[in-house]
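The values are calculated or read from the model by the stated rules, or taken from the named source; none is laboratory data. Everything quoted here is computed from the prediction, not taken from an experiment. Cβ coordinates were reconstructed from backbone atoms using ideal geometry, including for glycine residues, and neighbour counts include every protein chain displayed. Protein only, heavy atoms only, side chains kept; ligands, DNA and RNA dropped before computing areas. Shrake-Rupley method; radii C 1.70, N 1.55, O 1.52, S 1.80 Å.
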Amino acid sequence: MNNQNEESTIESSATTSESDNFGRGAISDGKDTNANEVPTKKLSNSAKSIVIYFSRSGHTEELAKEISETTNSDILELQVKDPYPSNYEETVDRATYERENELYPELSTDIPDLTQYQTVILGHPIWAMTLANPMVTFIQKYEEELEGKVITSFSTNAGYGSGNTFERLSELLPQSKIEEVYTVEDRNAEKDKDNLKKWLSDL
Ligand SMILES: Cc1cc2nc3c(=O)[nH]c(=O)nc-3n(C[C@H](O)[C@H](O)[C@H](O)COP(=O)(O)O)c2cc1C
């Protein structure tokens, strides 16, 4: 099944209502990258790892903060210059157009010097069974800076898993060491702490 069909499957088969804010109902609620609030950023001189994430409706962001705290990693939230609409369907339409035309969105985030980090932990939602578009922008732009580093990713999804995340990371970052990825259905993140812990301990 190709990505487009997978995405359509999410759209048509999702059973969530807008009100529970998961899966198809995951509206951009003003608490994430579309907000006017200050983006998450904690950078130190000493950390050996950094969490760099994009989140549209807040689920990946929660996980990002937890992972950064647990691993004593620095943390940086990516924002796009032109925020995605709060409406889910409109976001899907825009994301599909961007992906199909390889017009990944411009970021507005200043990226720090990544030299000090041995490990870069990327966080993103799953869009069309792959990395959300803004993460592709980041990786393509900073491929050289990520060379030689250990790279892994965590993601939240609407129940369909991580898709081709690992393969896509390996393809985009051929000079990095890609570790096993972690993904969780957004509504189950709270219940999946044992798996998260295990994944982190294997890093
Ligand atoms: C444009 C778009 C495409 C999506 N495609 C998928 C998908 O292919 N598979 C899936 O399981 N979830 C998909 N989702 C659902 C999100 O991955 C899920 O709601 C995620 O938790 C959102 O993370 P966030 O709150 O950090 O933005 C999609 C959501 C959007 C907005």
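Here are the numbers:
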quantity	calculated
Checking THR119 against (1) within 28 Å of ASP82 (Cα to Cα); (2) more than 15 Å from the ligand (Cβ to nearest atom); (3) of a type in the set (Val, Ile, Thr), the condition it does not meet	(1)
LEU78 being at pLDDT 90 or above and either under 17 Å from ALA95 (Cα atoms) or surrounded by fewer than 13 Cβ atoms within 10 Å (Cβ to Cβ) (or both)	yes
Qualifying positions in the stretch 149-183 - farther than 25 Å from GLN118 by Cα and touching a residue at least 40 places away in the same chain (Cβ under 8 Å)	ALA158, GLY159, TYR160, GLY163
Enumeration of residues in the stretch 38-57 that are open to solvent by less than 10 Å² (accessible area, probe 1.4 Å), within 16 Å of the ligand (Cβ to nearest atom) and farther than 14 Å from PRO134 by Cβ	VAL51
Residues of the stretch 108-150 that turn out to be farther than 25 Å from ASN45 by Cβ and not hydrophobic (A, V, I, L, M, F, W, C), as a count	7
Residue within the stretch 122-142 that is open to solvent by 10 Å² or more (accessible area, probe 1.4 Å), assigned to a loop (DSSP other than H, G, I, E, B) and either free of Cβ contacts under 8 Å to residues at least 12 places away in the same chain or not hydrophobic (A, V, I, L, M, F, W, C) (or both) present	yes
Restricting the stretch 184-203 to residues that are touching a residue at least 24 places away in the same chain (Cβ under 8 Å) and under 17 Å from GLN118 (Cα atoms), the residue that is farthest from the ligand (Cβ to nearest atom)	LEU203
Given (1) in a helix (DSSP H, G or I); (2) within 10 Å of the ligand (Cβ to nearest atom); (3) open to solvent by less than 40 Å² (accessible area, probe 1.4 Å), number of the condition SER162 does not satisfy	(1)
Residue selected from the stretch 165-187 under the condition crowded, with 17+ Cβ neighbours inside 10 Å and part of a loop (DSSP other than H, G, I, E, B), by the criterion nearest to the chain's Cα centre (by Cα)	VAL181
Members of the stretch 125-173 found to be among the β-branched types (Val, Ile, Thr) and either closer than 21 Å to GLN79 by Cα or at pLDDT below 95 (or both), listed by number	ILE126, THR130, VAL136, THR137, ILE139, ILE151, THR152, THR156, THR165
Count of residues meeting criterion [in contact (Cβ under 8 Å) with a residue 12 or more places away in the chain, among the aromatic types (Phe, Trp, Tyr) and either loosely packed, with under 11 Cβ neighbours inside 10 Å or in a helix (DSSP H, G or I) (or both)] in the stretch 86-112	1
Residues located in the stretch 36-78, provided they are part of a strand (DSSP E or B) and among the hydrophobic types (A, V, I, L, M, F, W, C)	ILE50, VAL51, ILE52, ILE75, LEU76
